[in-house]
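To keep things clear, I will list the structure first and then write my remarks on it.
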Amino acid sequence: MRVRVPVVQQGRSPGRRSLAARLAWNGAEVVVTLGVVLLLLVVHQLWWTNRQARAAAERKVDALEEEWGRADGDGSEGERVRGSAGGSPAEAGRSGPRDPARGSGGGSSAATPRSTRPTPPRWDQAYAVLRIPRIGVRVPVAEGVSKGGVLDKGYVGHYPRTAHPGQGGNFALAGHRNTHGEPFRHINRLRNGDEVRVETKEAVYTYVVDKALARTSAHDGGVIRDVPRSDERRGYGYSAAGYYITLTTCTPEYTSKYRLVIWGKLRAMRPR
């Protein structure tokens, strides 16, 4: 009489194998989907925001220049600008920069401008154009340094309570180094003697790069004071009053841990 010995197969059942395979497949799909989403976010942040912000900033510059051209053409600004300039461009060049609020001096009431200072711009309003020929910057300057209202539009922001263009003190600006137009992406390439031009409805102000601070704390408020001087890096900045411009941005690239600072001095003012 033959006795059959049952054979027991080792391993998982087909049902369990199928469940494990499905779980692995679903997990892989999730990982791939997350990777694609992250890639799209990076593309949006690094490419699309730049494209949008740059286009909007260029349109704003064109609109400002068109508006100023109309103001120059109707003659309504001529008397005020001449008074604010304090004399001819040649005279301004010989005597050095002047504060437009001081007029031409000499006590003559005829030489005193009707409006001693330009009307302060509204919050987030673009009112000037910044040009830096060496690095190809042509960007609007707006009042304030908020991200949503100014910097993320591709604009450069003017620090409130610092001087305005051409005034004595420190005309201090901030701009993105990466994303949203990144107007200050390459300001680390600026060298002493490079020109930084600021154009307004009243005049064109030419500053010249004079000093740089490669890295300081994001809380170093001294760099944007009337007489800019670092509170944290000894020996960086100035010790006497003057006509300064300050450009600030984040450093290293793609971080916001520190600040890069470029300083310049006003060299010339040309009325429109």
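The values are calculated or read from the model by the stated rules, or taken from the named source; none is laboratory data. As the structure is a prediction and not an experimental result, all values here were calculated from the model. Glycine also receives a Cβ, built like all others from the backbone with ideal geometry; neighbour counts cover every protein chain displayed.
Among the numbered conditions (1) more than 24 Å from S256 (Cα to Cα); (2) of a type outside the set (A, V, I, L, M, F, W, C); (3) crowded, with 21+ Cβ neighbours inside 10 Å, tell me where G168 comes up short.
Exception for G168: condition (3).
Restricting to segment 123-149, count the residues that are in contact with a Gly (Cβ under 9 Å, 6 or more places away or on another chain), outside any loop (DSSP other than H, G, I, E, B), of a type outside the set (D, E) and more than 25 Å from G193 (Cα to Cα).
The qualifying residues number 1.
Would you confirm, using the coordinates I've provided, whether N178 is over 22 Å from G144 (Cα atoms), polar (S, T, N, Q) and surrounded by fewer than 23 Cβ atoms within 10 Å (Cβ to Cβ)?
no
Just a yes or no: is a residue in segment 194-215 of a type in the set (G, A, S), surrounded by 19 or more Cβ atoms within 10 Å (Cβ to Cβ) and not in a loop (DSSP other than H, G, I, E, B)?
Yes, that holds for at least one residue.
Being among the acidic types (D, E), in a strand (DSSP E or B) and either modelled with pLDDT under 50 or surrounded by 14 or more Cβ atoms within 10 Å (Cβ to Cβ) (or both), is that true of even one residue in segment 99-114?
no
Considering every residue within segment 217-232, establish whether at least one is closer than 30 Å to N50 by Cα, in contact with a Ser or Thr (Cβ under 6 Å, 6 or more places away or on another chain) and among the acidic types (D, E).
Checked segment 217-232: at least one residue is closer than 30 Å to N50 by Cα, in contact with a Ser or Thr (Cβ under 6 Å, 6 or more places away or on another chain) and among the acidic types (D, E).
Evaluate segment 150-161: report whether one residue or more is of a type in the set (A, V, I, L, M, F, W, C) and part of a loop (DSSP other than H, G, I, E, B).
yes
Across segment 219-272, what is the number of residues that are more than 10 Å from N170 (Cα to Cα), among the aromatic types (F, W, Y) and touching a residue at least 60 places away in the same chain (Cβ under 8 Å)?
Number of matching residues: 1.
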